Amino acid sequence: MPLASHTTLSTAWFGLIGIMLVLYVVTDGFDLGIGILSLFTRDEHDRSIMMHSIGHVWDANETWLVALGGALFGAFPAAYALLLSSLYVPVMIMIAGLILRGAAIEFRHPAASKRLWDLAFGLGSLIAALAQGVILGRVITGLIPGRIGTAFSVLAALGVASGYALLGATYLIKKTTGRLERQARSYTLASAATTVAAALLLSAGTMVISPVAQSRWQDPVVFHALLGLAVISAIAFAMLLIGARRGATHSPFRGAVLLFISSFAGLALSLFPDLVPGRLSLAQAASSDGTLIFMMVGIGVLMPIMMGYNYYQYFVFRGKTQWQAH
């Protein structure tokens, strides 16, 4: 008798990949969001503080994307092949944006003129965020061609960029002081409104476009679970707005993170058990039981190390950012 059924193993890996995706989106999301917001920040000193606030953590945050790609390749090779072959252009654009952002962070400090690298930092972050949004939109729509799929992907791209800006703004609230913190609170209020509006439009669009989501939402258990997640999202939205208005330091970022987690949980519930809606289910995409078990052992060792290292970084560099020009 096998140690676990194929369905149980593939479902467990669906959950693990979902956790990796959330960890990447939240951690590298505020990095990219700060880069996007830097495009709207005129003062070079403020841009220096913004970049310094993520200088100790941004590269480790990106390791979750590497782990996510490796896990998808090993656990669901059919999905990896389908998605990469169908999304080659936005994936390569995303990677180019991440490279540009990383190069800007590394080369800005010794540069005599920092404006060019500031622009590269902001544009690289924006390009990566928009590309990730396009990928999300294409996956949700089941890779369908045509104007409807394109319009949905454009909306998803704008929503992801706005959501990352929200994460970045709330992160700056807890990491900066003075004028930049006040500016971050203004960014938070603006990006929160656009992010929630995009999320509502995407939810409605998913219901219309995706037959998988339609059938899932008609399941009473799923529907009530989604209602619960909607309540959590409303609480998170209220938490970050109230915190931003009343001068709280940590609750805006916690509210933004909770909003992202509840949104991704709702998306996962809506699409399960498909990896690519209408195109590929978990059972069709999953590797053999032996491979899934072998990878489970490996990820059981790797994930605690990665999570522990991430936590240690944030613990060591907690508190407000201290930066002085040299």
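In degrees from 0 to 90, rounded to the nearest 10, what is the angle of the helix 251-271 Cα long axis to the longest principal axis of the chain? Taking Cα atoms only, the helix is inclined about 20 degrees.
From the Cα gyration tensor of region 251-292, with a ≥ b ≥ c the square roots of its eigenvalues, which class applies: rounded if a/c is under 1.5, or else prolate if a/b is larger than b/c, or else oblate?
Oblate shape, in that a/c is at least 1.5 and b/c is the bigger or equal ratio.
So for the chain, averaging the separation of alpha carbon pairs under 8 Å that are six or more residues apart and normalising by length, what relative contact order in percent results?
The value is 24 percent.
Ordering 9, 172, 82 from the fewest to the most neighbouring beta carbons within 10 Å gives 82, 9, 172. For region 169-326, the extents of the C-alpha atoms along the principal axes are 56, 39, 26 Å, listed from largest to smallest.
Other residues with beta-carbon under 14 Å from the beta-carbon of residue 319 carry, at +1 per Lys or Arg and -1 per Asp or Glu, a net charge of +3.
Hey, what D do you get for region 182-231 in µm²/s if you plug the Kirkwood alpha-carbon radius into Stokes-Einstein at 10 °C and 1.306 mPa s? Estimated diffusion coefficient is 126 µm²/s. The order of the peptides 282-288, 128-134, 188-194 by mean Cβ neighbours within 10 Å, most packed first, is 128-134, 188-194, 282-288.
Report the Rg/Rh value for region 6-316, based on alpha-carbon coordinates and the Kirkwood definition of Rh.
Numbers: Rg = 19.3 Å, Rh = 20.0 Å.
Radius of gyration over Kirkwood radius for region 6-316 works out to 0.96.
Each reported figure results from applying straightforward, stated rules to the coordinates on display, with no laboratory input. Computed from a prediction, not measured in an experiment: that's the story for all the values here. For neighbour counting, all protein chains shown are included, and Cβ atoms are generated from backbone atoms with ideal geometry for every residue, glycine included.
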